[in-house]
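The values are calculated or read from the model by the stated rules, or taken from the named source; none is laboratory data. All of these numbers come straight from a predicted model, not from anything done at the bench. Neighbour counts are summed over all protein chains in view; Cβ atoms, including those assigned to glycine, are modelled from backbone coordinates with ideal geometry. With ligands, DNA and RNA removed, areas are computed over all heavy atoms of the protein, side chains included. Shrake-Rupley method; radii C 1.70, N 1.55, O 1.52, S 1.80 Å.
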Amino acid sequence: MSSSDRSRAVDLTRTYEVRTYGCQMNVHDSERLSGLLEGAGYVRAPEGSDGDADVVVFNTCAVRENADNRLYGNLGRLAPMKMKRPGMQIAVGGCLAQKDRDTIVKRAPWVDVVFGTHNIGKLPVLLERARVQEEAQVEIAESLEAFPSTLPTRRESAYAAWVSISVGCNNTCTFCIVPALRGKEKDRRTGDILAEIEALVGEGVSEITLLGQNVNAYGSDIGDREAFSKLLRACGKIDGLERVRFTSPHPRDFTDDVIAAMAETPNVMPQLHMPMQSGSDTVLKAMRRSYRQDRYLGIIDKVRASIPHAAITTDIIVGFPGETEEDFQQTLHAVREARFAQAFTFQYSKRPGTPAATMEGQIPKEVVQERYMRLSALQEEISWDENKKQVGRTLELMVAEGEGRKDGATHRLSGRAPDNRLVHFTKPDAEVRPGDVVTVEITYAAPHHLLAEGPALDVRRTRAGDAWEKRNAAEAAKPAGVMLGLPQIGVPEPLPVATGSGCGLD
């Protein structure tokens, strides 16, 4: 082909965009979806493309309030765009797709593909089938076809990574629909988990987060109640792995051997996110949570005795059906006792398909809102008090990417302390990259972040920073599109132009 022919070649690259809603499991699944699409030849659309992509994938959540309204609103905004762009495709996956199935295509007939939580690996095939057959493809598997971690991945971070150790959940919490949508718990082989972590470390990753719907129940599949603590200790033996975190554990399965493994494994971070949901024994029973306030606070006491600087965070639901003012006071009491670094608080709202949705004693919205405001105010005060205790401490921060919204204006950078607190720090004279480690002294505390206003005490360049730099260089060097070399006579026709856009872990 002559140079003039090549200059007139048609750029047939197809771009994609993945929009993610819900929990960390969905975030990790979206990394898999991106990897699958790139493996099939798609190219990620630029940031801020706002639906201006050839394929738009919604990875949905069925737990968040108004999840369906949000989805159908977004689908509605894409409908006129699709009419003006021949070949554009829209896919809907995740928990809401698993739940609603054929309803999605009935309400939004311009959707091309609907797939569930168990068959995300089928997305490229379903897109191609929809294109060839020119009709919507709805395929919902009832059980897991392949463990997600066997699929290709486009990691969002070069220095930190999610690693799934299990999928599904065996609990029957009355407010949660996740077990019905993601199935019973299924554990990965320990050897496969460790092999994935070692491969990630080999690529430059220095922090991993072990991920599961009920992460510390790991081992129930194989009958080993200490499998999770053994996994934590095994992570401690991986050379080059600097930080290990996990989310989210269930108090029922939080055993002393896990606390010992956290305390005795240097790269397991002094951080614990453990959902409490309510401080009332009566409400916990109605929620079908298999622990009570004393048990929950007892775990926290043991963690703090073994790991004094641990930062503990939680999830709390306000206004569960039947919750009385006395029940709510028990939640406030538990929050005062626990001294959470942060609490993610939610106003209860009905979720179709859950037992709680039909329970008697639904609380009026205004009562739920008033209790929510009281709880938020209390937790804000505690968070601030706990952060003030960090002032004067010297901390090692892993430099983060995109966590400080005002960093450009303030000439600061942001990073995460070992206990996962967010710290904004003065930009050092030396070059610092995401994934590098900076030592600072904390000078100021706000309820939701810390400041280190003095000069950095030390800057350590890391393999993780090298990996970030290498990835950015590779992204910058990528061509705008893949030229497929199809010559045309004369000037090519222009491409169509677009005119317009937690679950809560147990």
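Screening ALA417, ALA474, ALA452, ALA498 for residues that are farther than 30 Å from GLY183 by Cα, modelled with pLDDT of 95 or more, among the aliphatic types (A, V, I, L, M) and over 23 Å from the mean Cα position of the chain (by Cα) leaves exactly one candidate, ALA452.
A quick yes/no check of all residues on (1) more than 25 Å from MET398 (Cα to Cα); (2) of a type in the set (Val, Ile, Thr):
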position	(1), (2)
ARG252	yes, no
VAL268	no, yes
THR282	yes, yes
MET287	yes, no
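If the condition is being open to solvent by 30 Å² or more (accessible area, probe 1.4 Å), out of contact with any Asp or Glu (no Cβ under 9 Å at 6 or more places or on another chain) and either assigned to a loop (DSSP other than H, G, I, E, B) or acidic (Asp, Glu) (or both), then the range 23-51 contributes GLU38, GLY41, GLU47, GLY48. In the range 401-409 there is no residue that is over 27 Å from the mean Cα position of the chain (by Cα) and closer than 24 Å to ALA161 by Cβ. Taken as a whole, the condition of being within 21 Å of the chain's Cα centre (by Cα) and closer than 26 Å to VAL244 by Cα applies to GLU156. Tallying residues that are over 27 Å from ALA417 (Cα atoms) and in a helix (DSSP H, G or I) within the range 171-214 yields 8.
Being charged (D, E, K, R) and open to solvent by less than 20 Å² (accessible area, probe 1.4 Å) holds for only one residue in ASP436, ASP407, ASP429, and it is ASP436. Being open to solvent by 20 Å² or more (accessible area, probe 1.4 Å) and under 19 Å from ILE307 (Cβ atoms) is true of ASN420. I'd like the full set of residues that are out of contact with any Lys or Arg (no Cβ under 9 Å at 6 or more places or on another chain), open to solvent by 20 Å² or more (accessible area, probe 1.4 Å) and of a type in the set (Gly, Ala, Ser), limited to the range 92-142. Within the range 92-142, ALA136 is the sole residue that qualifies.
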